1. Once A and B are treated as a pair rather than alone, how much accessible area drops out, both sides summed, in Å² to 100, probe 1.4 Å?
2. What does the convex hull of the Cα atoms come to per residue for the stretch B:205-246, in Å³?
3. For A:GLU158 paired with A:ALA330, estimate the spin-label separation in nm (one decimal), with each label point 7 Å from Cα along the Cα-to-Cβ line.
4. In units of 2.2 N^0.38 Å, what is the alpha-carbon radius of gyration of the stretch B:146-246?
5. Rounded, prolate or oblate: which one fits the stretch A:126-275, using the alpha carbon gyration tensor with axes a ≥ b ≥ c (rounded when a/c is under 1.5, else prolate when a/b beats b/c, else oblate)?
6. How far apart, in nm, are the 7 Å Cα→Cβ label points at A:HIS337 and A:GLU69?
7. In the stretch B:106-125, what residues drop by 20 Å² or more in accessible surface going from the chain by itself to the full protein assembly, probe 1.4 Å?
8. For every helix of n ≥ 4 consecutive DSSP H residues, a contribution of -39,500 (n - 2.57) applies; sum these over chain A, divide by its total residues, and give [θ] at 222 nm rounded to the nearest 500 deg cm²/dmol.
Amino acid sequence: MSTMPDARGRFGDFGGRFVPETVMGALDELLAAWETAWSDPAFHERLDLRARDYVGRPSPLYRAERLEEYASGARIYLKREDLNHTGAHKINNAVGQALLAERLGKRRIVAETGAGQHGVASATVCARFGLDCHVYMGEEDIRRQHPNVVRMRMLGAEVIPVTAGSGTLKDAMNEAIRDWITNVEDTHYLIGSAAGPHPYPVLVRELQSVIGREAREQVLAAEGRLPDLVVACVGGGSNAIGLFHPFIEDADVRLLGAEAGGDESGTAATLSEGRVSVLHGSKSYVLADEGGQVLETHSISAGLDYPGVGPEHAWLKDTGRAEYAPVTDAQALEAFHLLCMREGIIPALESAHALWLALQRAQPGQVVVVGLSGRGDKDVDAVEERESRA
Amino acid sequence: MRIETPALVIYLMADHDTVELAEAAVRGGATAIEIGIPFSDPLADGPTVQRAGQRALRNGMTATRALELIGKLRRRIAVPLIPMTYAGPVMAYGEERFCADLAAAGADGMIVPDVPHDEAGDLLEACRRNGLDMVPLLAPTSTDERIELACRGAGGFVYLVSVAGITGSRQRLSDRVGPLVGRVRPHTELPLLVGFGIASGGIAREVMDTGADGVVIGSKAIEVSEAEGAEGLERFVAEVGTAITK
């Protein structure tokens with residue numbers, strides 16, 4: 001299982017490179033640079049140094065004892081990616097790709113962002129490494145994640161509003177890819193999720209797997225055994241694949257992904273409700289109609305509001321190694337408030353989806369690891385606004 | 001399919017006015033018609049084709065209706081008909097069934113810009129079984145190795161993308177077209193057609209002067225149709241036709 005993907009970037013039938021010819025050469029270059037870097041101790045040394053002194057790794061594995069009475073008495077551990085520099089797991093990938101862009105000699109960076117966490121992480125590493133940063137963000141997301149827009153601009157990034165479609169992550173990704181196609185020779189596309197054409201899904205997975213490697217060691221140290229259940233939220237799926245991947249060979253560890261079930265107006269639960277198609281360069285599950293047209297999605301959480309999902313998750317679902325279930329807006333909000341009030345931690349709305357599912361599925365005596373992928377400062381205005389309307 | 005050269009391929013989005021526009025384009029001298037089957041997220045397309053695609057989707061266009069439209073066009077015009085769409089709609093329809101139904105409707109080939117030759121295996125087989133040509137796209141950034149491999153499975157013509165970029169009218173011709181024509185020519189006997197950004201007879205003439213065999217015009221044809229209707233399109237196509245044959 002750990003040998004996935006194959007040479008064509010396929011996880012079973014999923015993945016591949018469904019992109020215009022113009023960027024195929026750049027993907028070959030990126031793959032070659034990535035393989036060289038990943039087998040180069042000097043690259044790991046630089047990456048590990050920045051993970052320690054810049055990102056603040058390792059992130060703690062925190063036992064949330066006051067939450068456990070809501071979890072049938074299971075022992076709940078939170079993997080605290082919210083404590084990373086910039087407040088989410090996205091920085092793990094951004095630092096790694098900035099180091100890769102340096103190796104490729106590309107000084108211009110384009111990125112897409114939904115919640116703004118990947119945009120902030122990209123703007124941050126570009127400031128640190130002296131790169132020129134352009135972030136595409138949907139208009140609707142600019143409105144609901146305004147603090148992150150301010151942060152990106154302070155960090156020197158250009159934030160480009162995208163008005164097409166529903167003005168969310170999917171549309172931002174379309175524009176980022178079009179920019180990349182147009183400027184491919186001097187531009188690196190710093191994709192934020194374990195999605196897109198090969199080699200992005202594997203490259204982002206490897207850069208994010210630090211989450212699962214640490215969590216595995218930490219839970220072994222705390223409990224003397226592996227967890228029964230590992231839970232993460234899944235939009236494109238980068239924090240989930242990062243947390244899941246080091247546990248894939250541990251057959252007794254159940255892997256559970258929380259998708260955004262949205263509300264009566266719509267969903268973003270791609271694996272639960274989608275069909276096999278192609279979006280943004282790879283074959284995977286997509287929320288699309290029977291004619292293959294991609295549907296508008298809805299989630300309270302901008303970071304999960306996406307009609308696609310990384311190809312490795314599609315494969316994990318079809319092989320049965322991981323399970324995925326939708327969590328509604330209201331359920332996520334319930335978990336959001338619970339974590340605030342019981343543990344003094346304001347989680348990202350994305351992470352609150354994982355938390356709710358973990359509390360539901362935990363059984364007495366179990367050890368459960370939940371990916372707390374980001375902090376919720378960015379969400380406080382949106383939560384307040386929504387609840388003052390209700 | 002056999003494309004007459006110098007080739008003038010006009011791209012039109014499948015929509016309610018396509019028959020009228022296609023007939024006008026052929027009267028103006030179009031030697032083939034490319035029919036866009038709209039997709040919600042067309043990564044290779046600029047604002048004009050995106051807008052036309054969104055409009056068609058709002059008007060209820062689907063792959064099934066586009067096939068009916070192609071059938072209707074086949075009965076009315078004689079030049080090659082080449083649908084252009086993306087992997088999403090093809091996969092949703094089913095690759096084999098899509099090719100069979102296209103062939104039955106009278107299409108001659110297919111262009112799918114997000115299925116490069118590396119991923120084309122199944123679709124290429126389905127095209128062959130149904131007598132359709134799969135037209136590959138090559139770009140200034142294509143390596144010689146990729147050019148060789150793409151030409152191996154090619155049919156109809158080879159579509160050269162004039163720039164690193166997406167579709168859309170441009171003011172001038174990129175200086176990378178000439179070298180690209182030169183690099184592709186030794187790998188194929190098929191005509192080499194240049195598209196993306198060809199917005200006037202003048203630019204089309206420059207394309208011919210690089211040694212290419214013709215042009216593909218999409219965004220500009222849509223813009224002219226939007227502004228001046230079928231008559232305007234016929235006039236525009238005739239102008240370009242004159243420019244490339246003189």
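1. 2600 Å²
2. Convex hull volume per residue, Cα atoms: 61 Å³.
3. Taking the two extended label points, one gets 4.5 nm.
4. So the stretch B:146-246 has a normalised radius of gyration of 1.09.
5. Since a/c reaches 1.5 and a/b is larger than b/c, the shape of the stretch A:126-275 is classed as prolate.
6. Simple spin-label model gives 1.7 nm for this pair.
7. At a threshold of 20 Å² (probe 1.4 Å), the residues of the stretch B:106-125 that become less exposed are B:PRO113, B:ASP114, B:PRO116, B:ASP118, B:GLU119.
8. Value at 222 nm, helices only, nearest 500: -12500 deg cm²/dmol.
The values are calculated or read from the model by the stated rules, or taken from the named source; none is laboratory data. These numbers come from a predicted model, not from an experiment. Cβ: placed from backbone, ideal geometry, glycine included. Neighbour counts: every protein chain shown. Calculation scope for accessible area: heavy atoms of the full protein, side chains included, ligands and nucleic acids excluded. Shrake-Rupley method; radii C 1.70, N 1.55, O 1.52, S 1.80 Å.
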